[in-house]
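Worksheet for the structure shown next.
The values are calculated or read from the model by the stated rules, or taken from the named source; none is laboratory data. Note that the structure is predicted; figures quoted are calculated from it, not measured. FYI the Cβ positions are ideal-geometry reconstructions off the backbone, even for glycines, and counts take in every protein chain you see.
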Amino acid sequence: MLKVKDINLYYGAAQALRGVSLSAEPGKVTCVLGRNGVGKTSLLRAMVGQYPIASGSIMFDGADISGLKPYERARRGIGFVPQGREIFPLLTVEENLKTGFGPLKRDDRNI
Ligand SMILES: Nc1ncnc2c1ncn2[C@@H]1O[C@H](COP(=O)(O)OP(=O)(O)O)[C@@H](O)[C@H]1O
Ligand SMILES: [Mg+2]
């Protein structure tokens, strides 16, 4: 279970997320919808740790992960597939997929 509770996120003086809460249950697809600029990407960046939150909490499997580094969250299974072409253009498709192996033990590195 992934639980986001009452998070606030700022880009300088501009507030992008205001008191956002969300629950995502295992085995279910949780969808966040909204027009351009409402903060969907900011919410994902906050959950994976790419951008810090000012307040609130992010719980994953009962533990507060909001203070963890992105690679520590990745190790726990939290990832983010961005829209657009945020890939490594000089790598093959297979090599691009394998970049996600970084935080995993060797035995867990299967596609
Ligand atoms: N790096 C940034 N610096 C300043 N403002 C940003 C940055 N990224 C996004 N924003 C602003 O934060 C708001 C939410 O953007 P975003 O999370 O990208 O929305 P969405 O993904 O729903 O389109 C928008 O007003 C956007 O202009
Ligand atoms: Mg977006």
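Here are some notes:
- Some residue of segment 53-70 being free of Cβ contacts under 8 Å to residues at least 24 places away in the same chain and within 22 Å of ILE111 (Cα to Cα): yes
- Of note, GLY39 satisfies the criterion of being more than 12 Å from the chain's Cα centre (by Cα), surrounded by 13 or more Cβ atoms within 10 Å (Cβ to Cβ) and not aliphatic (A, V, I, L, M).
- Within segment 71-96, the set of residues being under 20 Å from ALA24 (Cα atoms), more than 16 Å from ligand 1 (Cβ to nearest atom) and free of Cβ contacts under 8 Å to residues at least 60 places away in the same chain comprises GLU72, ARG73, ALA74, ARG75, ARG76, GLY77, GLY79.
- Candidate set: segment 1-16, residues that are within 16 Å of ligand 2 (Cβ to nearest atom) and over 15 Å from SER66 (Cα atoms); chosen: the one surrounded by the most Cβ atoms within 10 Å (Cβ to Cβ): ALA16
- Filter result for ARG35 (within 12 Å of ligand 1 (Cβ to nearest atom), assigned to a strand (DSSP E or B) and at pLDDT 95 or above): no
- Residue match in segment 52-59 (condition: under 15 Å from the mean Cα position of the chain (by Cα), among the hydrophobic types (A, V, I, L, M, F, W, C) and not in a strand (DSSP E or B)): yes
- Scope segment 90-109; condition more than 22 Å from PRO70 (Cβ to Cβ) and either part of a loop (DSSP other than H, G, I, E, B) or modelled with pLDDT under 85 (or both); matching residues: LEU90, THR92
- Taking segment 1-32 as the range and being aliphatic (A, V, I, L, M), assigned to a loop (DSSP other than H, G, I, E, B) and within 14 Å of ligand 1 (Cβ to nearest atom) as the test, the residues that pass are ALA13, VAL32.
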